[in-house]
1. Look through the stretch B:115-154, keep the residues that are within 11 Å of another protein chain (Cβ to nearest Cβ) and surrounded by fewer than 19 Cβ atoms within 10 Å (Cβ to Cβ), and return whichever of them is modelled with the highest pLDDT.
2. In the stretch B:77-104, what residues are part of a strand (DSSP E or B) and closer than 20 Å to B:G133 by Cβ?
3. Restricting the search to the stretch B:256-280, which residues are of a type in the set (G, A, S) and open to solvent by 10 Å² or more (accessible area, probe 1.4 Å)?
4. Quick test of your reading of the structure: A:A110 fulfils all but one of (1) within 11 Å of chain B (Cβ to nearest Cβ); (2) surrounded by 24 or more Cβ atoms within 10 Å (Cβ to Cβ). Name the failing condition by number.
5. Being open to solvent by less than 60 Å² (accessible area, probe 1.4 Å) and either within 11 Å of chain A (Cβ to nearest Cβ) or in contact with a His (Cβ under 6 Å, 6 or more places away or on another chain) (or both) is the requirement here; does B:Y291 meet it?
6. Quick one: in the stretch A:67-107, which of the residues that are of a type in the set (G, A, S) and away from chain B (no Cβ under 14 Å) is nearest to A:K145 (Cα to Cα)?
7. Looking at the stretch B:139-175, which of its residues are more than 14 Å from A:V270 (Cα to Cα) and β-branched (V, I, T)?
8. In the stretch B:271-281, which residue that is more than 8 Å from chain A (Cβ to nearest Cβ) and touching a Phe, Trp or Tyr at 6+ places or on another chain (Cβ under 9 Å) is farthest from B:A225 (Cα to Cα)?
Number of protein chains: 2
Amino acid sequence: MKPYAYGVDIGGTTIKVGLFGADGGLLERWELPTGRVGAQILPNLAQWLLGREIPMEALEGIGVGVPGPVLSDGTVNRCVNLGWGVVPVARNLSDLLGGVPVQVLNDANAAVLGELWQGAGRGRENLVLATLGTGIGGGIVVGGKILSGAHGAGGEIGHIQVNPRELEYCHCGKRGCLEQYASATGILRLAKAQGFNAGGSGTAKEVLDAAKVGDPVAQSVVTEAGSWLGLALSYVACVADPELILLGGGVSKAGEVILAPVRAQYRASVFHGAAETEFALAALGNDAGMYGAVKGILEPE
Amino acid sequence: MKPYAYGVDIGGTTIKVGLFGADGGLLERWELPTGRVGAQILPNLAQWLLGREIPMEALEGIGVGVPGPVLSDGTVNRCVNLGWGVVPVARNLSDLLGGVPVQVLNDANAAVLGELWQGAGRGRENLVLATLGTGIGGGIVVGGKILSGAHGAGGEIGHIQVNPRELEYCHCGKRGCLEQYASATGILRLAKAQGFNAGGSGTAKEVLDAAKVGDPVAQSVVTEAGSWLGLALSYVACVADPELILLGGGVSKAGEVILAPVRAQYRASVFHGAAETEFALAALGNDAGMYGAVKGILEPE
């Protein structure tokens, strides 16, 4: 095996790049602006990688996580946030780098794989990661493998329609998706609806912080958000029955104040056989995707 | 390989036994009364099998489906309908039959495996079977393998809490489980609540038949039942993203009258990436469990 590999997580705003040793240790990390999205993303990334000290010959390969469905040949099928239609990411990036092996996977799947490999899911076989950010990403591992599904929609838990009676629309075009309640955006939406008096920055963090110090409206908002998430996770458990459910993303940093209502609603709603499922916070934070992206390069199955 | 194998499906009322050839063909089938449930089930079954023409030496093995969670060593952990607590079914039955190899699996998992092997799911890799009988059983295949989960609760779709606002209790102790709406029992419950004028036998079949010939109350009942099922299956798809969803069990025999509202609600509720999932009726009927039970004997992985 060659001495290095890159794990790359391409997001709508930043591209995270990690340089890993052959033993899986993270040696150095960078964040690059994604810049104007579209056709320039891969050439810009390639140029940046070619400008590093590490020559391409010293790389075992590059793993890339992208925010969209990925086919088994590394072709991406519509990444709205990147302005991409159908793009053969693995082939294009490899060509730009003189033939270095490139693997591509969905970013939420990369994140759960990262947590499984070197994070809070180490040693587990059946694992769910819900990443609560601007939206809600889901990654599911069954028997040690990513559940990506027949159309790349496996683990799309943010669009579980928890509340068919909702009147407002989700950006996906439906009404009542989990993402409308338990993402950072969703928490802000609930806070506005409940008349939370946002004194400061108007962020979900502000609502979560206020709930922690006992603001009754903020507590009611966070309880509602957590309850919808707990209900959705009970559905996930009636299907995939994981041994461990991890919460990641910005909202999860609030810790117990959000975990408590999630757990309470989960236990009230889930099939009794899965009532004892463990809950924990993800460990790798925003680096989980980089880790998961490079995992398949350094430890192919 | 020896010339024969038995596939057995133990239910609360009857035990179905199929004699299979080494090529997987069903040669003969029987239905035995389960009789008084409890400790006598396995000795009675063993005695019956020992009374057949086929000597134990001619058997490759016996596969058994049971209505409860099964651990990987073939121990059953509580089958309420059989009056069993923790029972090492594989070991006990094998001992009673002079050491014939016995494999045990959950009956809903056996049914989906049967459909995958020789039924409506042949050649598929990602498949869901919802069996609509007295209750609702679910079996899920991902990448060609049963998704049984960390606690044997994988695919327990009958206890997805689709309607947390429900006031009546499910027999599992929760309120609002899918089983309360879309099982045969659930359809009867809805029919009573909507004032369906049951002229005849008071069965779910009567309601479904009346819907077929245009009875407006019966149609409203069946639409409600199908909508809850379609909503729950949209949740299943946001988790496991199957390529094909099969409906089996007595209720599914009604065909299009139940399939149509299921599909309509599914498409309205599911994540767009999984909107094109196929729906079909299961093909093996009540024999699916026998087929699936023997599959692992005749074609071990």
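The values are calculated or read from the model by the stated rules, or taken from the named source; none is laboratory data. All of these numbers come straight from a predicted model, not from anything done at the bench. All Cβ positions, even for glycine, are placed from backbone atoms using ideal geometry, and neighbour counts span all protein chains on display. Quick note on the areas: whole protein, heavy atoms, side chains included, nothing else; ligands and nucleic acids left out. Shrake-Rupley method; radii C 1.70, N 1.55, O 1.52, S 1.80 Å.
1. Within the stretch B:115-154, the match that is modelled with the highest pLDDT is B:R124.
2. B:R78, B:C79, B:W84
3. Hits for the stretch B:256-280 are B:A260, B:A264, B:A268, B:G273, B:A275, B:A280.
4. (1)
5. In short, no.
6. Here the residue is A:G74.
7. Those that are more than 14 Å from A:V270 (Cα to Cα) and β-branched (V, I, T): B:I140, B:V141, B:V142, B:I146.
8. B:A275
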